[in-house]
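Beneath this line is the structure, given in structure tokens, with notes to follow.
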Amino acid sequence: MRERHRHNQCIKNALEKAERVCAEKSLRLTPTRRKVLELIWQSHKPIKAYDLLNQLSSDEHIEKPPTVYRALDFLLKNHLIHKIASHNAYVGCEVNHDEMDSKFFICDQCAEVKEVCEPKLDRSLLEASKKQGFIPNQTTIEIHGTCAKCAR
Ligand SMILES: [Zn+2]
Ligand SMILES: [Zn+2]
């Protein structure tokens with residue numbers, strides 16, 4: 001599905017979106033938050049907090065874990081990134097969704113993640129929940145398999 005694409009454009013779009021979201025909500029995209037977002041957008045593969053921490057640190061400066069976790073919390077809360085639970089790692093948000101939770105196609109070969117929003121799927125999930133008298137508070141789904149690129 002995902003062809004070789006101009007990833008610089010993905011990063012540019014993501015940073016522009018972050019600036020827009022922050023401006024709308026009167027929030028500050030501090031240099032650390034921006035840097036963490038940029039690092040997460042290095043690729044479409046989930047990145048662990050530990051790796052972010054390493055990349056933010058240099059010989060002269062060791063970044064402290066709380067700084068990174070605070071930035072991650074901020075980005076998560078504002079739907080700029082997502083946590084992929086099965087990898088315990090983070091990816092940039094690729095879609096516009098306020099209420100709907102995302103579905104993630106996760107390739108077990110190359111680790112790339114593709115995020116999609118499927119209103120139909122959400123409706124079915126809510127219907128199924130209703131039947132059970134169950135009140136879902138999130139309907140995120142992580143689907144593992146092989147991406148189109150790796151299947152070729
Ligand atoms: Zn998203
Ligand atoms: Zn793949």
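The sole residue among L80, L53 that is more than 21 Å from Q109 (Cβ to Cβ) and either without any contact (Cβ under 8 Å) to a residue 60 or more places away in the chain or open to solvent by 20 Å² or more (accessible area, probe 1.4 Å) (or both) is L53.
Against the list (1) in contact with a Gly (Cβ under 9 Å, 6 or more places away or on another chain); (2) modelled with pLDDT under 95; (3) acidic (D, E), the condition D108 fails is (2).
Rundown of residues vs (1) touching a Pro at 6+ places or on another chain (Cβ under 7 Å); (2) not assigned by TED's automatic domain parsing to the domain that holds P31, yes/no style:
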{"site": "L52", "(1), (2)": "no, no"}
{"site": "C110", "(1), (2)": "no, yes"}
{"site": "S129", "(1), (2)": "yes, yes"}
{"site": "T140", "(1), (2)": "no, yes"}
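When we screen R20, R33, R28 for residues that are open to solvent by 90 Å² or more (accessible area, probe 1.4 Å) and either in contact with a Lys or Arg (Cβ under 6 Å, 6 or more places away or on another chain) or assigned to a helix (DSSP H, G or I) (or both), the only hit is R20. Among residues that are on the phi > 0 side of the Ramachandran plot and away from ligand 2 (no atom under 16 Å from the Cβ), N88 is included.
The values are calculated or read from the model by the stated rules, or taken from the named source; none is laboratory data. Only a predicted model underlies this, so the values are computations on that prediction, with no experimental measurement involved. Glycine gets a Cβ as well: all are built from the backbone with ideal geometry, and neighbour counts include every protein chain shown. These accessible areas exclude ligands, DNA and RNA; they are computed on the full protein's heavy atoms, side chains included. Shrake-Rupley method; radii C 1.70, N 1.55, O 1.52, S 1.80 Å.
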